[in-house]
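Encoded as structure tokens, the structure appears first; notes follow it.
Every number here is computed from the coordinates shown, using simple stated rules; none is lab data. Please read all numbers here as calculations on a predicted model, not as lab measurements. Quick reminder, even Gly has a Cβ in these numbers, built from the backbone with ideal geometry, and neighbours come from all protein chains shown.
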Amino acid sequence: MLRVLRLSGEELASLPTTEIEVATEATPKLTVRVWKKHLQGLCGVARFRQRLLQEGHVLDEDAEPDYSLDALLVLLPFTDPGIEEREELSRAANGGLESQVEALLQRPQNPNLLDSHGQAPLAHAAWQGHTQTARLLLEAGAEVDLLGSFGRTALHMASEAGHVEVAQLLLAAGADVSLGIVDGGLAGGVTAFHLASSRNCVDILQLLMQARAKADMPVAAGPLAGLTALMAASEAGSVESAGFLLEARADMDAADASQRVAIHWASVRGRVGVVRLLLQAGADKDVVEGGGCTALHLASLFGQAEVARILLEAGAKLDKVTKCGFTALPLAAFGGHGDIARLLLLFDPGTRSIQDGNSDWQAFLAALSKGRVAVWLLVPSSCKVLRTCAIHSPGILTACLLALMILILSKHTV
């Protein structure tokens, strides 16, 4: 039997060793550390701030108490560390130096004080994937949802870095899956679920969904308002994440604040695997975003030739017009993407009748491929091709004029 008394003389605990074994899930040795962990549930103070004394001596945590004597419990306040001491704990946490972290917490040092970079020790441990260090800090009272200077919690850090065990530990400690990054920048409002989706970490996505994260949870506010995890995975080209989210019935038709859906995000960035996956899942290839652009418009403008090819083979419409009045062909010309312009013409039914065996037309296609449309316009035979195009595919005229305008502007700029 060991009786633990407060300084006032009040008895805090008095339990036979058999009961402690049950309460602590039994250990080979009932050390002072085991007792302190049990007492934490009674006094609400982590073991790092507890000191057990017998006969005026502080008991070492690895020693066993003398059960024939009463033990006195003293609760210490946190020290008031300077910036160097804070940096020391952050460095130890970042490096996963468990024994050093243990020693610093025994000062006892507050685990929630931020270092000179505005980061908490728990965030450092989470970013580097040091599970046992993170466990120590949580045991010492680290706030699981504490925001650092970049507006991120430890769960944001672990999810972005792809550290599954740390994420699991943080979720078990009650981390809030719905918290968005608070930094006022581009990432404002992005949650751990979005970050894991972007980083292609399906294991963390599964953990977050078990913790009640929603597959279609949008960014609540900020520059990326309305962004879903599927959009984040699509933009990053995270095929496994996108597949997992689609299996979880994520809405591929959900739109963000600019009315972009997942296939728009994938097309802008040239994420071929995700585009194929979305098309196989039945995504609307001709859906328009806020500016009236389809996925084909965006792929053409941003030079994503393989995505453009996949969309064309899937039957994407060539005659869709943006709010500015452009089809995909002028946008490809404006972006200087001759290979895409050539591809669009090859798929254009209006030009098929003039392609075969026409040497002037072949010269035009060659000029497109090499980005030399403006030079080709100086060739006398170009007039004949353009007259034919005016009848069969008016968009070519716009494309050529844009190419000429770009050439003129570039000369003036030089």
statement: Counting only DSSP loop positions in region 180-214, the trypsin sites (Lys or Arg not before Pro) whose Cβ has at most 15 other Cβ atoms within 10 Å are R212
- request: Express in whole angstrom the spacing between the alpha-carbon centres of region 24-88 and region 274-301.
  value: 61 Å
- prompt: Computed FRET efficiency, Cβ-Cβ of L12 and Q280, R0 51 Å: what is it to the nearest 0.05?
  reply: 0.20
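For region 43-90, which GluC sites (Glu not before Pro) are in a loop by DSSP, counting at most 11 other Cβ atoms within 10 Å?
Values: sites: E55, E61, E84, E85, E87, E88; in loops: E55, E61.
Within region 43-90, the qualifying GluC sites (Glu not before Pro) (loop, at most 11 other Cβ atoms within 10 Å) are E55.
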Amide H contacts under 5 Å for L5, placed H, 5+ residues apart: L12, A71, L72, L73
statement: Expected sort for F193, F326 with the fewest Cβ neighbours (10 Å cutoff) up front is F326, F193
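Multiplying the sequence separation of S178 and E98 by 0.36 nm and subtracting their Cα-Cα distance, what value in nm do you get?
Details: separation 80, 0.36 × 80 = 28.80 nm, distance 3.00 nm.
Taking S178 through E98 to full extension adds about 25.8 nm, to one decimal.
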Reciprocal of mean inverse Cα separation for region 122-174 (Kirkwood radius, Å): 10.4 Å
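Please identify the trypsin sites (Lys or Arg not before Pro) of region 228-300 that satisfy two criteria: DSSP loop assignment and at most 10 other Cβ atoms within 10 Å. Which are they? Could the numbers behind the result be given before it?
Details: sites: R249, R260, R269, R271, R276, K285; in loops: R249, R260, R271, K285.
In loop regions of region 228-300 (DSSP not H, G, I, E or B), the sparsely surrounded trypsin sites (Lys or Arg not before Pro) are R249.
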query: From the phi of every residue in region 49-59, what ³J(HN,Hα) in whole Hz does the Karplus formula 6.51 cos²θ - 1.76 cosθ + 1.60 yield, where θ is phi - 60° and glycine or proline is x?
result: 9, 9, 10, 9, 10, 9, 6, x, 10, 6, 7
